[in-house]
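Any read-out appearing in this document is the output of simple, stated calculations on the displayed coordinates, not a laboratory observation. Because the structure is predicted, anything quoted here is derived from the model rather than measured. With ideal geometry, Cβ positions are generated from the backbone for all residues, glycine too; neighbour counts draw on all protein chains shown.
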Amino acid sequence: MLLSDQGGQTAAAKIPRPATLRESVIEAIQELIVSGQLRPGQHLVESELAGLLGVSRQPVREALQQLSGEGWVDLHPGQGAFVHVPTLEEADQLLAVRALLETESARLAAKHTDEQGVRRLRELCSHGIAAVKSDDVDAAVATNSELHALVTALSGNKVLAELASQVARRVRWYHTPVARQRGMTSWEEHTALIDAIEAGDERRAAKIMREHTEHTRVSYMEQRENEPVEPAPSKPVRRRRPRQLG
């Protein structure tokens, strides 16, 4: 498609470029960290990660460098790369920001409520409850993320949605360890939230979301306080080989 800029010059519309191999490796490693397959403090060996992901060592090396800059990986000279161990302070700060963003998202979702959006929220809630009943933590965590993302999307505020998406993956990383502990209570809170959104009750939707995110924050902080601050580094354990990248 050709577009005209303000000066009358013709310019081609930008075409979305496909993800590079490095970007795919970055996303794969992030997912391994978020899902707990790579644990905080775990030693990351380039050759083993390359074999696990079905790629050469070069994109793995590049991915670890970028993930280090983004706070997912720590690089120690002479020792190598390790999965970052979030400090209590940084986890507390991120979960506090998440609460602010999602509380406003819930309020706006109630303000702009529509039947289709509520129906989709209830479908996700049903899937989440089923996952808890079958003790499928991975499915429960993934569905939880989908539900929260949908609430943000239903807010109608694109800037708010963009900001929330920037912290969503790290929030899922922090939520995974406490998902079983939160269990069905979390989904009862989701049900109450959806009821408030459907009723168009902005104040109640915001209150429920604020309390809901606070419960998750407190659960995470309590669990971390009972664990060593720095888990002892360990070498990766070979796991089931995922689909090859690229």
(request) Quick one: check the C-alpha center-to-center distance for segment 122-171 versus segment 29-99, whole angstrom. (result) 23 Å
(message) I need the peptides 48-58, 187-197 ranked by packing, meaning the mean over residues of other C-beta atoms within 10 angstrom, with the highest value on top.
(response) 187-197, 48-58
(message) Can you compute 3J(HN,Hα) from phi for each residue in segment 78-83, using the Karplus curve 6.51 cos²θ - 1.76 cosθ + 1.60 with θ = phi - 60°, rounded to whole Hz and x for Gly and Pro?
(response) x, 10, x, 9, 9, 4
(message) Run the reach check for LYS207 against aspartates and glutamates, Cα to Cα strictly under 17 Å, same-chain hits fewer than 8 apart removed. What comes back?
(response) GLU102, GLU104, GLU188, GLU189, ASP195, GLU198
(request) Could you compute the FRET efficiency for SER134 and ALA199, with r as their C-beta to C-beta distance and R0 at 41 Å, rounded to 0.05? (result) 0.85
(request) State, to one decimal in nm, how far the label point of GLN166 lies from the label point of ASP114, with both points 7 Å from Cα in the Cβ direction. (result) 2.7 nm
(request) Give me D for segment 89-143 in µm² s⁻¹, whole number, from Stokes-Einstein with Rh from the Kirkwood sum over alpha-carbon pairs, 4 °C and 1.567 mPa s. (result) 99 µm²/s
(request) Take segment 118-164, drop everything but the C-alpha atoms, weight them equally and run the Debye formula without solvent; then report log10 I(q)/I(0) at 0.24, 0.25 Å⁻¹ to two decimals. (result) -0.79, -0.82
(message) Relative contact order for segment 65-145: what percent, with Cα pairs under 8 Å and sequence separation of 6 or more?
(response) 13 percent
(message) If packing is taken as the average count of other Cβ atoms within 10 Å, what order do 31-39, 208-216 fall into, highest mean first?
(response) 208-216, 31-39
(message) Rounded to two decimals, what is the ratio between the C-alpha radius of gyration of segment 138-184 and 2.2 N^0.38 Å?
(response) 1.20
